[in-house]
Amino acid sequence: MSVISVRELNLFYGNKQALYNINLDVDANSITALIGPSGCGKSTFLRTLNRMNDSVPNTKITGVVKVFDEDIYGSGVEVERLRKHIGMVFQHPNPFPKSIYDNVTYGPRLHGMTDRHQLDEIVEKSLKAAALWDEVKDVLKKPATGLSGGQQQRLCIARALAVQPQVILMDEPTSALDPISTAKIEELLEELKDTYTIVIVTHNMQQAARISDKTAFFLNGELVEFDQTPTIFQNPRDKRTEDYITGRFG
């Protein structure tokens, strides 16, 4: 079943076109990797999936992006509600300058939850899901900024999970982390896809090959090829995909 369905998507920043006629479906409970050289449009595409490009002046989008059969660019769509269902984790860990506890409860409180018992449960559940609970359960009132980089990124994942999204978007979530922290995040993503649908932008092709079910190769704002990950890496149909995978450019 497709959770996300994109048809004929074009995106313009003013007069400059950044995405060209993108067609792509994302399956439920899967990891979809977006790969390609810098500036190819993969992060721009990722941000269309929860309307983060809305904040960029003079942005124009044509085509259809459906999430759970709802056209998210249709009239009457509440962007705040949309983003509750579609969480986002960024390249660099960005914990708020608050306690670990307050970071995780930020979203639920924003949506009106005030019951302390419920908030405590959400904190424990989210931190466990992000494989961080055992490391921080005794220091929940300590500043989140005191955690290591890898712990901060897992905290950001827990913060995204706290509002019970159905889709998680990740923009190079391990590029600023050491190999051990990266391995922990990758292991975590394999577990999370049982519950969530994950779309991840990565420059690390080995990472895409390791963890994703399907891979999309972007180049110059176009979706060149999209297929099962083993096919993309072992038997690509397009020579441009093969050239990128084998390191001839990018």
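Residues that are among the hydrophobic types (A, V, I, L, M, F, W, C) number at least 2 in the following helices (runs of 4 or more DSSP H) confined to the stretch 199-250: 205-211, 229-234. Residue count for the stretch 96-118 satisfying the condition of being among the aliphatic types (A, V, I, L, M) and surrounded by fewer than 18 Cβ atoms within 10 Å (Cβ to Cβ): 2. Within the stretch 210-225, the set of residues being of a type in the set (Phe, Trp, Tyr) and more than 10 Å from Arg240 (Cβ to Cβ) comprises just one member, Phe218.
Yes/no matrix, rows are residues, columns are (1) in a strand (DSSP E or B); (2) within 14 Å of the chain's Cα centre (by Cα):
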| residue | (1), (2) |
| --- | --- |
| Leu119 | no, no |
| Arg154 | no, yes |
| Ala158 | no, yes |
| Met170 | yes, yes |
| Ile185 | no, yes |
| Leu188 | no, yes |
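May I ask you to verify whether Asp134 is in a helix (DSSP H, G or I), more than 22 Å from the chain's Cα centre (by Cα) and under 20 Å from Glu190 (Cα atoms)? Here the answer is yes, as Asp134 does meet what is asked. Restricting the stretch 1-55 to residues that are among the small types (Gly, Ala, Ser), surrounded by fewer than 14 Cβ atoms within 10 Å (Cβ to Cβ) and in contact (Cβ under 8 Å) with a residue 40 or more places away in the chain, the residue that is farthest from Asn220 (Cα to Cα) is Gly14. Within the stretch 74-117, the residues that satisfy the criterion of being more than 19 Å from the chain's Cα centre (by Cα) and either touching a residue at least 60 places away in the same chain (Cβ under 8 Å) or assigned to a loop (DSSP other than H, G, I, E, B) (or both) are Gly74, Ser75, Gly76, Val77, Glu78, Pro97, Lys98, His111, Gly112, Met113, Thr114, Asp115.
The set of residues in the stretch 209-227 that are among the polar types (S, T, N, Q) and crowded, with 18+ Cβ neighbours inside 10 Å comprises Ser212, Thr215. Restricting attention to the stretch 192-206 and to residues that are in contact (Cβ under 8 Å) with a residue 24 or more places away in the chain and either more than 24 Å from Leu19 (Cα to Cα) or touching a Phe, Trp or Tyr at 6+ places or on another chain (Cβ under 7 Å) (or both), the residue that is surrounded by the fewest Cβ atoms within 10 Å (Cβ to Cβ) turns out to be Asp194.
All conditions but one from (1) within 19 Å of Ser212 (Cα to Cα); (2) in a loop (DSSP other than H, G, I, E, B) apply to Ser43; the one that does not is (2). Picking from residues in the stretch 165-185 that are surrounded by fewer than 18 Cβ atoms within 10 Å (Cβ to Cβ) and free of Cβ contacts under 8 Å to residues at least 40 places away in the same chain, the one that is nearest to Ala131 (Cα to Cα) is Ala183.
Every number in this text was worked out from the coordinates using simple rules, so none of it is lab data. Everything numeric here is computed off the predicted structure, so don't read it as measured data. Please note: Cβ atoms are built from the backbone with ideal geometry, for glycine as well, and neighbour counts cover all protein chains shown.
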